[in-house]
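Okay, structure first, notes after.
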Amino acid sequence: MLFTLARSPQQCDFSLIVKLVAQEDALLLMQDGVLAALDGSEACNLLSQHVQSIYVLSEDLAARGLVGQISHKITLIDYTGFVALTEKHTQQTAW
């Protein structure tokens with residue numbers, strides 16, 4: 001399953017999302033969800049401990065002026081990569 005997070009970690013039940021993502025699932029951070037990718041943040045630390053496949057949408061990261069500030073454990077992708085994720089994971093849950 002592909003989980004997409006479009007809200008800031010402070011604006012949702014972030015710990016629940018982390019618990020729901022299984023080992024074979026992927027999590028895509030987009031819109032304000034990219035804040036969870038900030039290196040050293042509490043949200044990023046929680047993600048890196050519990051989620052195997054984490055992606056961040058580069059366009060949303062750039063729009064917020066956060067390029068270069070994300071954890072090296074998170075994969076940066078563009079919209080083409082987003083499409084590839086939706087093809088790989090036929091089920092999706094949006095947060």
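The values are calculated or read from the model by the stated rules, or taken from the named source; none is laboratory data. Source: prediction; values computed, not measured. Every residue, glycine as well, gets a Cβ built from its backbone with ideal geometry; the counts of neighbours run over all protein chains shown. All accessible areas refer to the heavy atoms of the entire protein, side chains included, with ligands and DNA or RNA removed. Shrake-Rupley method; radii C 1.70, N 1.55, O 1.52, S 1.80 Å.
Roughly speaking, to the nearest percent, how much of the chain's 1.4 Å accessible area is carbon and sulfur?
Carbon and sulfur together cover 48 percent of it.
Can you give the charge dipole size of the range 21-68 about its Cα centre, rounded to the nearest 20 debye, using +1 on the beta carbon of Lys and Arg and -1 on the beta carbon of Asp and Glu?
Result for the range 21-68 is approximately 80 debye, rounded to the nearest 20.
How many times 2.2 N^0.38 Å is the alpha carbon radius of gyration of the range 56-95?
After normalising by residue count via 2.2 N^0.38 Å, the value is 1.28.
Counting helices only, and only those DSSP H runs with n ≥ 4, report the 222 nm mean residue ellipticity of the chain as the sum of -39,500 (n - 2.57) divided by its residues, in deg cm²/dmol to the nearest 500.
Rounded to the nearest 500, the figure is -9000 deg cm²/dmol.
Would you kindly derive the ³J(HN,Hα) couplings of the range 78-95 from the backbone phi angles with the Karplus curve 6.51 cos²θ - 1.76 cosθ + 1.60 (θ = phi - 60°), listing them in order in whole Hz, with x for Gly and Pro?
10, 5, 5, x, 4, 4, 4, 5, 5, 6, 6, 10, 6, 9, 9, 10, 9, 10
Which parts of the range 46-72 would a label at Ser15 reach, counting a residue when its backbone N lies under 18 Å from a point 7 Å out along Cα-to-Cβ?
Under 18 Å, as judged by backbone N against the label point of Ser15, lie 46-51 of the range 46-72.
If the only charges are +1 at each Lys and Arg Cβ and -1 at each Asp and Glu Cβ, what is the size of the charge dipole of the chain around the Cα centre, to the nearest 20 debye?
Dipole size: approximately 100 debye.
Counting Lys +1, Arg +1, Asp -1, Glu -1, what net charge surrounds His89 among other residues with beta carbon under 14 Å of its beta carbon?
So the environment of His89 carries a net charge of -2.
Express the C-alpha Rg of the chain as a ratio against the empirical globular expectation 2.2 N^0.38 Å, rounded to two decimals.
That works out to 0.95 for the chain.
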